[in-house]
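The values are calculated or read from the model by the stated rules, or taken from the named source; none is laboratory data. Treat the numbers as computed from the prediction; the structure is a model and nothing was measured. We place every Cβ from the backbone using ideal geometry, glycine too, and count neighbours over all the protein chains shown.
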Amino acid sequence: MTHEPRPLILSLDTLEAICQKQVTLDESICASRGITPDEFANDLHTKRYVAMVVEAGETINETKTFKYWSNGKCDPKKLLEEAIDWLHFYASLLMTDHPKASARRVEYERALFEQDTLFLQNEKLDRLYLCLMQSDRNAKMFAAWSIILEWFGYTETDIIGMYEHKQGINYRRIMEAY
């Protein structure tokens with residue numbers, strides 16, 4: 001008997017499409033800032049990773065669930081916006097670290113495994129937050145991100161819609177020399 005892994009919130013095809021759009025956005029950012037491909041891939045890799053971790057923190061902050069001292073409520077739109085900001089950096093790094101589609105497929109399969117492991121361990125939201133911020137494995141971060149968004153009721157369609165919205169904002173920022 002084989003175990004069929006639970007799907008991630010984004011299909012591999014959707015993640016691939018987002019990654020391709022992210023490459024185009026990254027190229028536009030680099031062109032507007034005079035950043036060479038080598039600088040982007042190497043010199044800015046750590047900065048992009050830091051940005052991804054910062055966006056993870058901002059995503060977690062918008063959930064409000066860990067704030068036992070507060071009566072603040074989660075704003076679903078703000079939460080999804082922050083989660084998509086994280087996705088931008090994840091996709092950017094995924095394309096740099098795994099430029100071949102076959103390598104991204106392996107990374108996606110690792111995320112499926114990580115998600116199954118997190119489910120088997122019955123991880124609570126607070127532990128998932130730590131996985132999103134502290135993992136040294138991007139596949140585990142993506143798995144935690146996927147579970148968190150599903151927990152809050154988001155779907156792949158929601159993510160695609162907000163990603164497209166944020167893409168528009170990012171291109172406007174490039175035009176405005178943000």
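See the values below:
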| item | result |
| --- | --- |
| Count - residues of the stretch 82-116 that are touching a residue at least 24 places away in the same chain (Cβ under 8 Å) and closer than 19 Å to GLU150 by Cβ | 16 |
| Near pairs, Cβ below 7 angstrom, 6+ apart or cross-chain, from the stretch 11-32 (crowded, with 16+ Cβ neighbours inside 10 Å) to any residue that is at pLDDT 95 or above and among the acidic types (Asp, Glu) | THR14/GLU156 |
| Of all residues in the stretch 96-125 being buried (at least 17 other Cβ atoms within 10 Å of the Cβ) and hydrophobic (A, V, I, L, M, F, W, C), the one that is nearest to GLU55 (Cα to Cα) | ALA111 |
| Matching option when the condition is in contact with a Lys or Arg (Cβ under 6 Å, 6 or more places away or on another chain) and either surrounded by 15 or more Cβ atoms within 10 Å (Cβ to Cβ) or closer than 17 Å to SER11 by Cβ (or both), among LEU87, LEU132, LEU93, LEU128 | LEU93 |
| Hits in the stretch 70-114 (condition: β-branched (Val, Ile, Thr) and under 14 Å from ALA143 (Cα atoms)) | VAL106 |
